[in-house]
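Structure, as structure tokens:
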Amino acid sequence: MSELLVPKEGEYGAFYETYISKVRGEDITELLISQVEELRAYFQGMSEDKATYSYEDGKWSLKEVIGHINDTEKVMLFRALCFARNDDQELPGMEQEDYVKAANFNEVPLVNLLEEFELTRYIIRSFMNGLPEEAFTRVGIANGSELSVRALLNIIPGHFKHHMQILHERYT
């Protein structure tokens, strides 16, 4: 894995260690695409009805988990874009529960949620491939926390791994 993509201590807040630690030492460029296949395999042949299943009242359904991942990846990509372009504005956080509730993901066909995930991943990879080297270490503030571009790009596949672990533990 290129050292250019490895965030250093101080490039992200402690909260994000949960996600970054899950991909430390892995090639995130490869993960961005291999995780598309992982998600498709998990949902292979699953009915729309089963995809709206939640293991407990008040917990997200399988579709809501995918929708949450999709939303989070777009937010992280937007942050990375802003910081890579030297935008010095502090960016807001996102209230994940509000996002999921407003989106009504259980009404979205599963195939559309999976396609959105895949397309988002190809956009992220294309964005990464077009960045000048110095952009990976640029830093900005989002949700009150300092983050580098490369930290954000590691959070994306780490966040996915976090949720896939939950899916395997709670829904399988």
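Values in this text are rule-based calculations from the coordinates and carry no lab data. Please read these numbers as outputs of a predicted model, since none were measured by experiment.
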Residue-wise HN-Hα coupling along segment 67-73, computed from phi with Karplus coefficients 6.51, -1.76, 1.60 (Hz; x: Gly, Pro): x, 4, 4, 4, 4, 4, 5
Under 28 Å from residue 8, Cα to Cα: lysines that are on another chain or at least 8 residues apart: 22, 74, 161
Ratio of Rg to Rh over segment 26-104 (Cα coordinates, Kirkwood Rh, two decimals): 1.05
Alpha-carbon centroid distance for the pair segment 57-72 / segment 105-137, whole angstrom: 17
Gyration tensor verdict on segment 113-155 (Cα atoms; rounded if a/c is under 1.5, prolate if a/b is larger than b/c, oblate otherwise): oblate
Overall dimensions of segment 60-141 by Cα: Rg and Dmax, Å: 14.5, 42
Span per principal axis, largest first, for the Cα atoms of the chain (Å): 47, 30, 24
Using θ = phi - 60° and Karplus 6.51 cos²θ - 1.76 cosθ + 1.60, couplings along segment 162-170 (whole Hz; Gly, Pro as x): 4, 6, 5, 4, 5, 4, 5, 6, 9
